[in-house]
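> This is the structure, below, for whatever I ask next.
The values are calculated or read from the model by the stated rules, or taken from the named source; none is laboratory data. All of these numbers come straight from a predicted model, not from anything done at the bench. Because the Cβ atoms are built from the backbone with ideal geometry, glycine has one as well, and the counts that use them run over all protein chains shown.
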Amino acid sequence: MRVVSSPVTRRDLLRWGALGLASFWARRARAFGDSSKITFAQLEVEGKFGSRAHALRRLAFEIMERTSLEVTPLPRQLDLSNPDLFDTPFLYLSCDGGFAPFTERDSATLRRFLAYGGFLLADSVDGGEAFDGAIRRELARAVPEAPLQRIPGEHVLYKAFYLIDHQGGRQIVAPYLEGVVLGGRLTAVYSRNDLGGAWSRDDRGDWEFEVVPGGEQQREGAFRLGVNLAMYATCLDYKDDQVHLPFILKRRR
Amino acid sequence: MNAVGSVSYNAWRVVSLSPLPRWALWLLAAALLAGVGWTTRSVWRERRWRRRGVLLGLRSLSALCLFALLTEPGLLRLQTARVKSRFLVLVDRSRSMAFPAGGSEGSSTTRAAAVAQWAGQNQAALAGLADRFQLEVMGFAGEVGTLELAGLGQAPAPNGPRTDLLGALKTAASTNSNLTRALAGVLLISDGADNVQLSRGVGPQEKAQLEALGAPVNTLAVGQGGLKDLAVAALQVDDFAFVRNPLSLEVTLRYQGIGPQPVPVVLTRAGRVIASQTVNLDGSGVTKARLTFTPDQTGEFVYTVSVPVLPDEAVVDNNQRAFVLKVIRDRVRVLLVCGHPSWDERFLRGLLRQDPNVDLVSFFILRDVHDDTHSSPDELSLIPFPTEEIFRTQLHSFDLVILQNFAYRPFSSGLRIESYFPDIKHYVEGGGALLMIGGPNSFGDGQYDQTELADVLPVTGAGSPGPDDSFKPQLTDEGRRHPVTQLAESGDQSARLWNALPAISGLNLVKAKPGARVLLAHPLLSVGGENAPVLAVADEGRGRSMALMTDSSWRWSFEAAGAGLGDRAYERFYTNAVRWLVRDPDLTPVKLSVAQHTIEPGQAAAFDVRARQADYGPAAGAQVTLTVFNAETEKQVVQLRATAANDGTVRIEVPDLPGGAYRAVAEAMQPSSQQGGQEGGKPIELGRAEQALAVRESGPETEDPLPHPELLARIAEVTGGNHAALMDGFPKLKTVHESEEVEIGRRKEQPLWDNGFSLVLLAVLLGAEWFFRRRWGFS
């Protein structure tokens, strides 16, 4: 009888590769652990939040590949009452439909999180009214003085790394983003286009969801927006500094 | 004259002793005249003129007798004395009189000597003047005092600080002797170089004051032109300037006796030439130069403007002039260079951006050589890293350079950042500031140890990668006192606040260099026998540097806020760090100031020292040492000691500094007896401070050494006196109130005619007239 050894699947290679990479990263970073790296955290809420579990992982990979940002490859998952919340100044909230109101304490925590420098990306999975209502409700409770406003096309967010003219996620429900501005800084961004859906890549290495109507080009746009969001969260209005202006204007033409 | 009793009367006057008022006497006279007139009418008929004459004569005589009877003429006998009026001789004794007289006497005789010679030659004339008047001879130069003309030749050189002709005239004119004597006139002997009210000529106000003297001022001009002199007459510059902003200074030069030639005007500070300009002396006597320079350091400095001393110059003191300039910063200009964006960078940028006192210029490396952006460069907002600009050409425009986890290699397109490290080292040693913040790319981990930049860091790498575990850094003893790690008023409170902050992780292992101060250290880990440093500072040449060996100081902001502590500690720490690095004067424990930055020669310099302890409380009883150096030669001039009062302040006066530029340094020590619970009891050095001071070489006297005879001529003209030159001998003087007769004693009235006698005479005359009238057939 012939013994057929199981073929090394792409999935295995990927796993080993990931492990190898992870260990390599870990060794290099042993002096500093995760301290100097950006860690994304998925925010747990009372609703259907888990459908985009692989989005941040792939986004981290893309950011590492394209920019000098160092990102922890595996995101965390926590809720507003977690004591380690302030370890990760970048929160990602993706939910299918609405979610239950936060407790008073959690709402206060969210307010403190945003006011002291944190960043929240709220990403609607279906683009529907349920999520829309929920996110508006919670932001209005946490930061009543700063309502959600449309982010204008010339905002520094759209030139934080890539120059972005148009955008979309897995779908295009609205061709714009809305944000909360505190002290001149964008502290929360709300997308209706399911960016996470465009980012998500499964363990086999396939894109989990199809992007409509723009296809792969639109997916690339979604990654670019993700990169810009991370860049904005860390560099703030760096690209608005005087010295950059002539270069950016020249390119935009 | 008759002597009545023992008193001698030496003057007399005819007066009327009648009690009748004047108008009555006049009426009487008129009536008598009318009477005489009527008689004339009645005798006109008489053809024999002899008879007519007799009658007329008798009638007139009797009228006269009647008049005399009624007016009672008398003689008023007085005792008078002749009082001599005052005559003043005012001699200029200011510094300008020590200058050469010029003219025929050349430069060998000073103006004062010429006056002495004149006094010797004209002794007879002066004695004659003393006969006519009460002669008062005074010297003036700011103040007025008596002077001996005879001794003028042997007197020391005149040294008065200023010439105030009008003031001297007013003061001398109002001085009283025993009685109030009238002022007959003044002889003013001067070179006319007034530098107070009359320096701009005789204006309407001055004219009125001269006329109010009430006596003619005769003037005698001493000194002529023909001097050779070049002087820095005036400087026009602001009191303070912003560092790294250009500043203009206008210099006015006055000169005479110098032919057309180019002359360099040089601006120096502590012996170093800052700016210079060559101007052409075209013969007009005045020329201006404009110097522009950019101060590169904050503080107070003495600058000196000088022109060269030409051969045979009459006055050398006025060829340079010093001024004190205070240079301040408008905003702290910070360069933040970051290896790649991180939370550590994000919170530091956030803090510096929102500080209104900070002008932040940042450069973050957003893409490494290995990164693939999946796009063309046009779709990116990235710009090339302008290393040449920020590390070389513009480097000196920054007050502070921060390298945050910045890998200096590799870079694409052959950029060799190491080639700029000597420039950065030079920048720091020349007065700049450097802060290196840790991470895998900093210190030894980033291979900085073998570069030139390591020379200006307070630490050196200590090898192997640091620990992964989180820890809370501990304040060292130095850290308790140092302004950078001050989170509260007292060292204990500060330590408590530091302990309350969240733990951090990530540490570059380093060792402190000798001379560096470690402010925060790892509580457990040790490197070379000492606790592994977390924060260290050092003075590097004229600049400062700081090393923070962690990349998670951001947790003192965000995590602390999450724990309910707010982000104040982070803000305060970095604000303290920036201020200390750029030498914010407020932060220094010892402050030295002067009441006046520029003082006249001979004036004492008053220095105020304020010493504070490390916790910003007053350092009562601190021992203060004040050392004054010559700013040009750096030689010590004087050193004084004093003890601070309970409020930590003390004033130290330094008298008799000769003209020049000085740098004063104050050092304060806290004596061991004042320290609470300190081990060893050594005096602690609290700190030091510096201050610049300029002592004028020349006052207003030497700025303009030319004599101004035209001013003297004008004064004489306005007051009605004569003007002449000293070399013309003794002048003709105009005077008023030659001498006055003043009553000094009793007066006596003596009636001229005895009334009884007058009555009899009147009767006889009237009778005679009647007789003759009857005889000659008149009714």
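> Looking at B:Leu235, B:Leu267, which is the one that is on the phi < 0 side of the Ramachandran plot and either modelled with pLDDT of 90 or more or in contact with an Asp or Glu (Cβ under 6 Å, 6 or more places away or on another chain) (or both)? First the steps, then the outcome.
On the way: B:Leu235 fails: either modelled with pLDDT of 90 or more or in contact with an Asp or Glu (Cβ under 6 Å, 6 or more places away or on another chain) (or both).
Exactly one of B:Leu235, B:Leu267 is on the phi < 0 side of the Ramachandran plot and either modelled with pLDDT of 90 or more or in contact with an Asp or Glu (Cβ under 6 Å, 6 or more places away or on another chain) (or both), namely B:Leu267.
> Hey, among B:Leu525, B:Leu497, which residue is out of contact with any His (no Cβ under 7 Å at 6 or more places or on another chain) and within 14 Å of chain A (Cβ to nearest Cβ)?
On the way: B:Leu497 fails: within 14 Å of chain A (Cβ to nearest Cβ).
After ruling out the rest, the residue left standing is B:Leu525.
> Which one is surrounded by the fewest Cβ atoms within 10 Å (Cβ to Cβ) among residues in region B:631-663 that are touching a Phe, Trp or Tyr at 6+ places or on another chain (Cβ under 6 Å) and in a strand (DSSP E or B)?
We begin by selecting, within region B:631-663, every residue touching a Phe, Trp or Tyr at 6+ places or on another chain (Cβ under 6 Å); these are B:631, B:636, B:652, B:663.
Applying the additional criterion that residues be in a strand (DSSP E or B) yields B:636, B:652, B:663.
Values: B:Gln636: 11, B:Ile652: 19, B:Arg663: 20.
Ranking the candidates gives B:Gln636 first.
> Here's something else I'd like to know. Could you tell me whether region B:547-562 includes any residue that is assigned to a helix (DSSP H, G or I), more than 11 Å from chain A (Cβ to nearest Cβ) and in contact with a Lys or Arg (Cβ under 8 Å, 6 or more places away or on another chain)?
Of all residues in region B:547-562, those assigned to a helix (DSSP H, G or I) come to B:553-556, B:558-562.
With the extra rule that they be more than 11 Å from chain A (Cβ to nearest Cβ), the set shrinks to B:556.
Next, from what is left, pick out any that are in contact with a Lys or Arg (Cβ under 8 Å, 6 or more places away or on another chain): none.
No, region B:547-562 has no match at all.
> Within region B:484-514, work out how many residues are surrounded by fewer than 19 Cβ atoms within 10 Å (Cβ to Cβ) and either over 21 Å from B:Leu565 (Cα atoms) or of a type in the set (D, E, K, R) (or both).
Looking only at that region, the number is 5.
> I need the full set of residues from region B:259-273 which are surrounded by fewer than 18 Cβ atoms within 10 Å (Cβ to Cβ), touching a residue at least 24 places away in the same chain (Cβ under 8 Å) and over 13 Å from B:Asn319 (Cα atoms), in order please.
B:Gly259, B:Gly271 - these are the residues of region B:259-273 that are surrounded by fewer than 18 Cβ atoms within 10 Å (Cβ to Cβ), touching a residue at least 24 places away in the same chain (Cβ under 8 Å) and over 13 Å from B:Asn319 (Cα atoms).
> Tell me which of these B:Arg331 doesn't satisfy, since it passes every other one: (1) within 14 Å of chain A (Cβ to nearest Cβ); (2) within 18 Å of A:Val243 (Cβ to Cβ); (3) surrounded by fewer than 24 Cβ atoms within 10 Å (Cβ to Cβ).
Of the numbered conditions (1) within 14 Å of chain A (Cβ to nearest Cβ); (2) within 18 Å of A:Val243 (Cβ to Cβ); (3) surrounded by fewer than 24 Cβ atoms within 10 Å (Cβ to Cβ), the odd one out for B:Arg331 is (1).
> Does any residue of region A:106-113 turn out to be hydroxyl-bearing (Ser, Thr, Tyr) and in a strand (DSSP E or B)? It would help to see each step written out before you state the result.
So in region A:106-113, the residues hydroxyl-bearing (Ser, Thr, Tyr) come out as A:107, A:109.
Still in the list and also in a strand (DSSP E or B): none.
Within region A:106-113, not a single residue is hydroxyl-bearing (Ser, Thr, Tyr) and in a strand (DSSP E or B).
> Show the residue pairs meeting these rules: Cβ distance below 9 Å; 6+ apart or different chains; first residue within region B:347-374 and touching a residue at least 12 places away in the same chain (Cβ under 8 Å) and more than 14 Å from A:Val243 (Cβ to Cβ); second residue in a helix (DSSP H, G or I) and of a type in the set (Gly, Ala, Ser).
What qualifies is B:Phe347/B:Ser553; B:Leu348/B:Ser553; B:Asp368/B:Ser412; B:Val369/B:Ser412.
> When A:Asp132 is evaluated against the numbered criteria (1) over 19 Å from the mean Cα position of the chain (by Cα); (2) more than 14 Å from chain B (Cβ to nearest Cβ); (3) assigned to a helix (DSSP H, G or I), which criterion, by number, is the only one it fails?
It fails just one condition, (1).
> Going residue by residue through region A:139-162, is there one that turns out to be more than 14 Å from every other protein chain (Cβ to nearest Cβ), part of a helix (DSSP H, G or I) and touching a strand residue (DSSP E or B) at 6+ places or on another chain (Cβ under 7 Å)?
Yes, there is a match, as at least one residue in region A:139-162 is more than 14 Å from every other protein chain (Cβ to nearest Cβ), part of a helix (DSSP H, G or I) and touching a strand residue (DSSP E or B) at 6+ places or on another chain (Cβ under 7 Å).
> Does B:Gln79 meet the test of being assigned to a helix (DSSP H, G or I) and either touching a Phe, Trp or Tyr at 6+ places or on another chain (Cβ under 6 Å) or surrounded by fewer than 19 Cβ atoms within 10 Å (Cβ to Cβ) (or both)? Show your work before the answer.
Details: assigned to a helix (DSSP H, G or I): no; either touching a Phe, Trp or Tyr at 6+ places or on another chain (Cβ under 6 Å) or surrounded by fewer than 19 Cβ atoms within 10 Å (Cβ to Cβ) (or both): yes.
It is false that B:Gln79 is assigned to a helix (DSSP H, G or I) and either touching a Phe, Trp or Tyr at 6+ places or on another chain (Cβ under 6 Å) or surrounded by fewer than 19 Cβ atoms within 10 Å (Cβ to Cβ) (or both).
Condition check ((1) on the phi > 0 side of the Ramachandran plot; (2) at pLDDT 95 or above; (3) in contact with a Gly (Cβ under 7 Å, 6 or more places away or on another chain); (4) among the charged types (D, E, K, R)) across all residues:
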| residue | (1), (2), (3), (4) |
| --- | --- |
| A:Val173 | no, no, yes, no |
| A:Val181 | no, yes, no, no |
| A:Ala188 | no, yes, yes, no |
| A:Asp194 | yes, no, yes, yes |
| A:Gly197 | no, no, yes, no |
| A:Glu208 | no, no, no, yes |
| A:Pro213 | no, no, no, no |
| A:Gln217 | no, no, no, no |
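> Counting only residues that are in contact with a helix residue (DSSP H, G or I) (Cβ under 8 Å, 6 or more places away or on another chain) and outside any strand (DSSP E or B), which one in region A:116-129 is farthest from A:Leu85 (Cα to Cα)? Talk me through it step by step, then tell me what you get.
If we filter region A:116-129 for residues that are in contact with a helix residue (DSSP H, G or I) (Cβ under 8 Å, 6 or more places away or on another chain), which is where we start, we get A:116-125.
Now restrict to residues that are outside any strand (DSSP E or B): A:116-118, A:125.
Working: A:Tyr116: 13, A:Gly117: 13, A:Gly118: 10, A:Val125: 23 Å.
Restricting to residues being in contact with a helix residue (DSSP H, G or I) (Cβ under 8 Å, 6 or more places away or on another chain) and outside any strand (DSSP E or B), the top hit is A:Val125.
> Then there's this: Select, from A:Leu78, A:Leu85, A:Leu110, A:Leu93, the only residue that is within 14 Å of chain B (Cβ to nearest Cβ), under 20 Å from A:Pro144 (Cα atoms) and not hydroxyl-bearing (Ser, Thr, Tyr). Lay out the reasoning, then the answer.
On the way: A:Leu78 fails: under 20 Å from A:Pro144 (Cα atoms); A:Leu85 fails: under 20 Å from A:Pro144 (Cα atoms); A:Leu93 fails: within 14 Å of chain B (Cβ to nearest Cβ).
One residue alone meets the criteria, A:Leu110.
> Tell me, please, whether a residue that is out of contact with any strand residue (DSSP E or B) (no Cβ under 6 Å at 6 or more places or on another chain) and either of a type in the set (Val, Ile, Thr) or free of Cβ contacts under 8 Å to residues at least 24 places away in the same chain (or both) can be found in region B:527-550.
Yes - at least one qualifying residue is present in region B:527-550.
> When you scan region B:448-482, how many residues do you find that are surrounded by fewer than 17 Cβ atoms within 10 Å (Cβ to Cβ) and without any contact (Cβ under 8 Å) to a residue 12 or more places away in the chain?
The qualifying residues number 2.
> Can you find, within region B:274-308, the residue that is surrounded by the fewest Cβ atoms within 10 Å (Cβ to Cβ) among those that are in a loop (DSSP other than H, G, I, E, B) and touching a residue at least 40 places away in the same chain (Cβ under 8 Å)? Step through it out loud before you land on a result.
At the first step, the residues of region B:274-308 found to be in a loop (DSSP other than H, G, I, E, B) are B:282-285, B:294-298, B:307-308.
Next, from what is left, pick out any that are touching a residue at least 40 places away in the same chain (Cβ under 8 Å): B:294-298, B:307-308.
Numbers: B:Thr294: 15, B:Pro295: 22, B:Asp296: 14, B:Gln297: 14, B:Thr298: 20, B:Val307: 22, B:Pro308: 12.
It comes out as B:Pro308.
> Continuing with the same structure: For region B:228-245, which positions are of a type in the set (D, E, K, R) and either surrounded by fewer than 18 Cβ atoms within 10 Å (Cβ to Cβ) or in a strand (DSSP E or B) (or both)? Working first, answer last.
The initial filter retains those residues of region B:228-245 that are of a type in the set (D, E, K, R), namely B:228-229, B:238-239, B:244.
Answer for region B:228-245, where residues must be of a type in the set (D, E, K, R) and either surrounded by fewer than 18 Cβ atoms within 10 Å (Cβ to Cβ) or in a strand (DSSP E or B) (or both): B:Asp229, B:Asp238, B:Asp239.
> For region B:642-657, name all the residues that are within 27 Å of the chain's Cα centre (by Cα) and of a type outside the set (A, V, I, L, M, F, W, C).
Matches in region B:642-657: B:Thr649, B:Arg651, B:Glu653, B:Pro655, B:Asp656.
> Follow-up question, since we're still on this one. All but one of (1) more than 13 Å from B:Leu90 (Cα to Cα); (2) modelled with pLDDT under 80; (3) within 29 Å of the chain's Cα centre (by Cα); (4) crowded, with 19+ Cβ neighbours inside 10 Å hold for B:Ala141; which doesn't?
Failing condition for B:Ala141: (1).
> Given the criteria under 22 Å from B:Arg583 (Cα atoms) and free of Cβ contacts under 8 Å to residues at least 24 places away in the same chain, does B:Ala488 qualify? If you could, list the steps in order and put the result at the bottom.
Working: under 22 Å from B:Arg583 (Cα atoms): yes; free of Cβ contacts under 8 Å to residues at least 24 places away in the same chain: yes.
So B:Ala488 passes the test.
> May I ask you to say which residue of A:Glu178, A:Glu220 is within 12 Å of another protein chain (Cβ to nearest Cβ), under 28 Å from A:Glu129 (Cα atoms) and without any contact (Cβ under 8 Å) to a residue 40 or more places away in the chain? Reasoning before the result, please.
Values: A:Glu178 fails: within 12 Å of another protein chain (Cβ to nearest Cβ).
From the options A:Glu178, A:Glu220, the qualifying one is A:Glu220.
> Moving on. Only one of B:Thr298, B:Thr278, B:Thr287, B:Thr294 is under 23 Å from the mean Cα position of the chain (by Cα) and on the phi < 0 side of the Ramachandran plot; which? Before you say what the answer is, go through the steps one by one.
Details: B:Thr278 fails: under 23 Å from the mean Cα position of the chain (by Cα); B:Thr287 fails: under 23 Å from the mean Cα position of the chain (by Cα); B:Thr294 fails: under 23 Å from the mean Cα position of the chain (by Cα).
Unique residue meeting the criteria: B:Thr298.
> Given the conditions (1) more than 9 Å from every other protein chain (Cβ to nearest Cβ); (2) on the phi > 0 side of the Ramachandran plot; (3) at pLDDT 90 or above, report the number of the one that B:Gly463 does not fulfil.
Result: B:Gly463 passes all but (3).
> Now for a separate question. For region B:349-369, how many residues meet the condition of being under 22 Å from A:Ile63 (Cα atoms) and more than 7 Å from chain A (Cβ to nearest Cβ)?
2
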